[in-house]
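Laboratory data are not the source of any read-out in this text; all were calculated from the coordinates shown. It should be emphasised that the depicted structure is a prediction, and the values quoted were computed from it without experimental measurement. Note that we place each Cβ from the backbone using ideal geometry, even for glycine, and neighbour counts take in every protein chain shown.
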Amino acid sequence: MNRIFKLKNTIQPYAWGSRTAIAELLGHPTPSDHPQAELWMGAHSKAPSKVWCQDRWQNLDLMIDQNPKAALGEEGVVRFGPHLPFLFKILAVEQPLSIQAHPSKALAREGFAREDAQGISLSAAHRNYKDDQHKPEMVCALTSFFALCGFRSAQQIAELITPVWPARYRESLSSLKSSKNEAAIREFFVYLMRLDKKRSSELLSDIASAAERLRDQHTVYDWIVRLKRYYPDDIGILSPILLHLIALKPGQALFLPAGRLHAYLKGAAIEIMANSDNVLRGGLTPKHVDVDELLRAVDFASHAPTVLTPHPLGCEHIYPDVADEFRLSALHVRSTQGFRDRNGRKGPEILLCMEGTAQCLWPGSSKGLAIRKGESVFIPAAVHNYELIGEARFYKAGVGNAMQRKPIPASPTIEV
């Protein structure tokens, strides 16, 4: 396994996806016949990439199973078992997708075992846990990218919701002003999630009407109006008031640890995460919402999101190490400055070409491998070094380095 493999990846056709963003990257006809929401690059059992090996396409997860030490490195197998620890994606968000949180490692293991013991099929619509892994993730904007991330303070929530809240329900806001911050947020969130259908419908109708009148005064009210068009009876349309509303510029990123309630609203982005598909939803979705399980997972503390930017190292721009399972960087290869990876890598990588063409060379390769816009490759740990020559831009997914982990550097959030 001392060579580099080209990948064939699965496109997830979720209804909220774009009909142009992924198709344009891959050089396919646009608009696509159906929405294209996510391009998966990795070895998750739900949709493993395929590798061109021995004159045929083979599943990447099965190839790794055959020789995990060569694919992942001895250290990788010790740290994460015989599995690729990260999942690499392109997101193309045309319509807002669900409010969600991801479980901690302990909760994922317990929940997966519990649902298995209950005999709930992995494909069942009401199944919460698809695997036994946690899912920290980072999202990095390719275009202007709008997201909701982490609870505002109870005071901020009260200030934003009072102008649109019906007077006849005013007593329901008392907890936001009388309780301690985290307890207040939790109590109000539970109140909203437990509303019966009739009262919820009346409340949302009144709030949407008020938000329509105020939409020019604050962006959160404008987003409430937008969300109601997609999900008219979903309490999740109030999420721009409850959660920080962030606008990322291309190249800026957010890290989402376990329990951080969030939603992506609009734009295209790179996403990298632990190799898991565990999602606990809280709204803005026709899919299953398990309120009790969501409440077990969510962190109700107020967190002002920190915008992450990469630091340059030659033609590579490296984002902060935020998780054991993954690391993200961007490469800009020029004819005057190629990329040479000669640091004795110990883990696997995936390269995704966003623009241009480059030749990838490694020890023992005669002609190497041409990588063009929209193409991706898997670099096993057994390939200790390689180089890229040409004119191209890449995103690179690799394994995090726990020994080099530092606190996430403070930087101003970009709220709207």
- prompt: Expressed as an acute angle from 0 to 90° and rounded to the nearest 10, what is the orientation of the C-alpha long axis of helix 181-193 relative to the principal long axis of the chain?
  reply: 80
query: Over the stretch 153-240, what relative contact order in percent results from Cα pairs under 8 Å that are six or more residues apart?
result: 25
- prompt: Where nothing but the Cβ of Lys and Arg (+1) and of Asp and Glu (-1) is charged, how large is the charge dipole of the stretch 311-404 around its Cα centre, in debye to the nearest 20?
  reply: 260
- request: With +1 on each Lys and Arg Cβ and -1 on each Asp and Glu Cβ, and nothing else charged, work out how big the dipole of the chain is about its Cα centre, in Debye to the nearest 20.
  value: 360
- prompt: Which shape class, rounded, prolate or oblate, goes with the stretch 256-400 when its Cα gyration tensor gives a ≥ b ≥ c as root eigenvalues, a/c under 1.5 marks rounded, and past that a/b bigger than b/c marks prolate?
  reply: prolate
query: HN-Hα J couplings of the stretch 281-295 from phi, Karplus 6.51/-1.76/1.60, θ = phi - 60°, integer Hz, Gly and Pro as x?
result: 8, x, x, 6, 7, x, 7, 4, 10, 9, 4, 4, 5, 4, 5
- request: Pick out, from SER205, TRP223, GLN156, the residue whose Cα sits farthest towards the positive end of the charge dipole of the stretch 153-240, with +1 on the Cβ of Lys and Arg and -1 on the Cβ of Asp and Glu.
  value: SER205
query: Suppose R0 equals 51 Å; then what is the FRET efficiency for LYS373 and ARG194 from their Cβ-Cβ distance, rounded to the nearest 0.05?
result: 0.55
field: Exposure proxy ranking, count of Cβ atoms within 10 Å, fewest first, for HIS332, HIS34, HIS244
entry: HIS34, HIS332, HIS244
task: Starting from the amide H of ALA268, placed 1.01 Å from N in the peptide plane, find each other amide H under 5 Å away whose residue is 5 or more places distant or on another chain.
output: VAL93, LEU142, THR143
Tensor-based shape of the stretch 1-61 (alpha-carbon gyration tensor, a/c under 1.5 rounded, otherwise prolate or oblate): prolate
message: 5 Å is the cut-off here: which amide hydrogens, built 1.01 Å from N in the peptide plane, fall below it relative to PHE86, excluding neighbours closer than 5 in sequence?
response: ASN275
- prompt: Which angle between 0 and 90 degrees, to the nearest 10, do you get for helix 219-230 versus the longest principal axis of the chain when only C-alpha atoms count?
  reply: 80
Gain on full stretching of the segment that runs from THR10 to ALA124 - 0.36 nm per residue minus C-alpha separation: 38.9 nm
message: Multiplying the sequence separation of SER179 and GLU355 by 0.36 nm and subtracting their Cα-Cα distance, what value in nm do you get?
response: 58.2 nm
field: Förster-model FRET efficiency, 60 Å R0, GLU75 and ARG168, C-beta, rounded to 0.05
entry: 0.45
task: Rank-order 271-277, 121-127, 25-31 by packing density, defined as the average count of other C-beta atoms within 10 Å over each peptide's residues, highest first.
output: 271-277, 25-31, 121-127
query: For the chain, what's the relative contact order in percent, using C-alpha pairs closer than 8 Å and at least 6 residues apart?
result: 22
- prompt: Hey, which lysines would be in cross-link range of LYS8, C-alpha to C-alpha under 18 Å, not counting anything within fewer than 8 residues on its own chain?
  reply: LYS46, LYS50, LYS89, LYS373, LYS396
- prompt: Ranking ASP216, ASP341, ASP206 by Cβ neighbours within 10 Å, fewest first, what do you get?
  reply: ASP216, ASP206, ASP341
